1. With a 1.4 Å probe and every protein chain kept in, tell me what percent of the accessible surface of the chain is carbon plus sulfur.
2. Send over the semi-axes of the chain's equivalent ellipsoid, whole angstrom and largest first, taken as the square roots of 5 times the C-alpha gyration tensor eigenvalues.
3. What FRET efficiency, computed as 1/(1 + (r/R0)^6) with R0 = 41 Å and r the Cβ-Cβ distance, is obtained for ARG44 and ASP133, rounded to the nearest 0.05?
4. Using Cα pairs closer than 8 Å and at least 6 residues apart in sequence, work out the relative contact order for the chain, in percent.
5. Which of THR253, ALA282, GLN230 sits farthest toward the positive end of the charge dipole of the chain, with +1 on the Cβ of Lys and Arg and -1 on the Cβ of Asp and Glu?
6. Under unit Cβ charges (Lys, Arg +1; Asp, Glu -1), what dipole magnitude, rounded to 20 debye, does the chain have relative to its Cα centre?
7. Using only Cα atoms, what Kirkwood radius does the range 192-284 have, in angstroms?
8. Which values, in whole Å and largest first, are the semi-axes of the equivalent ellipsoid of the range 67-140 obtained as the square root of 5 times each eigenvalue of the Cα gyration tensor?
Amino acid sequence: MIPAQFEYVAPTSVADALAALAQAGDDAKVLAGGQSLLPILRMRLNAPDKVIDLGRVEELRGIREDGDSIVIGAMTTYADVLASDLVREHAGVLHAAVKEVADPQIRHRGTVGGALVHADPAGDVGAPVLALDAELVVAGQGGERTVAAGDFFRDLFETAVGEGELLTAIRVPKHTGWGSRYEKFVRVAHQWSIVAVAATVRVDGGSIAEARIGLTNMGSTPLRATAVEQALVGTAATEDAVRDACAAAADGTNPPSDLNGDADYRRHLATVLTRRAVLAAAGA
Ligand SMILES: Cc1cc2nc3c(=O)[nH]c(=O)nc-3n(C[C@H](O)[C@H](O)[C@H](O)COP(=O)(O)OP(=O)(O)OC[C@H]3O[C@@H](n4cnc5c(N)ncnc54)[C@H](O)[C@@H]3O)c2cc1C
């Protein structure tokens, strides 16, 4: 299908993009990599009057170090994240998850910011961003605000980014020296996650000193497995001890039932994948 007609603008700065958004009101859509938005427009599930393409806004691209954090511009592609030594060294679980997104073509166009604002609960970047306690920088014409990842995802396809606002960057506290693993369960290659688990742990003297676990597709938003995180602290990095601590992985979740599996099957998967992810992250 062909999209409905729209006006196309391609600003070159955040200020100009915000001005274009303000002018258009709720009749505008922001275009990032287009990997989710273009199919939506083609199927006419949305028909904005104006499309504001962020592709020429250079200040939204790139990854830099800023003290104890790394800052990832919203328009940074998955491919750029994968190529980044900063991400690999300080946010290993994000690197591991991005490796599992779709296929190389989509990873070369799709952006981390676009994926986070799209907020598909089966998307692969929400859980690691949550697990890493990242902060999301949101800009509007009134200025910038910072939203903790735990407050960013509001519901299915709904985030804290309001009308007239842009996500500009993701600020990730460095988790240097932490082990990481993203366990994604799919039936066929390049599929969306049926369930996935992002685990990053710090091991000290054979025991788990700290653990962060994010769950993909176990509810309408990415979720933290906080009961498991707490149970893992002080646990020996061994198969039996980790299995016991991960038994609560599905607590507080509300997974969907669909053709790929019902909710109970997903709860079982979450427990198994969490154990595998934690053991791999701990190097056990
Ligand atoms: C065949 C296929 C398979 C896929 N498989 C996977 C997969 O396995 N795992 C996975 O995680 N994803 C998958 N995706 C989705 C892919 O990751 C998308 O790239 C991503 O969801 C959206 O990123 P984008 O940059 O393309 O954003 P776009 O499609 O351009 O935008 C998505 C939404 O975010 C809004 N938006 C974008 N950027 C901003 C911003 N800076 N500020 C405010 N609003 C913004 C747009 O207005 C739009 O509503 C798949 C997509 C396709 C087509």
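1. In the chain, the share of accessible area belonging to carbon and sulfur is 46 percent.
2. 34, 21, 15
3. E between ARG44 and ASP133, to the nearest 0.05, is 0.60.
4. In percent, rounded to a whole number, it is 16.
5. So the residue we want is ALA282.
6. Around 660 debye, computed over the chain.
7. Working: mean 1/r = 0.0772 Å⁻¹.
In the range 192-284 this quantity evaluates to 13.0 Å.
8. Numbers: eigenvalues 56, 46, 30 Å².
Equivalent-ellipsoid dimensions as semi-axes: 17, 15, 12 Å.
The values are calculated or read from the model by the stated rules, or taken from the named source; none is laboratory data. What you see is a predicted model; the values in this text were computed from it and never measured. Note: ideal-geometry Cβ built from the backbone for every residue, glycine included; neighbour counts use all protein chains shown. Quick note on the areas: whole protein, heavy atoms, side chains included, nothing else; ligands and nucleic acids left out. Shrake-Rupley method; radii C 1.70, N 1.55, O 1.52, S 1.80 Å.
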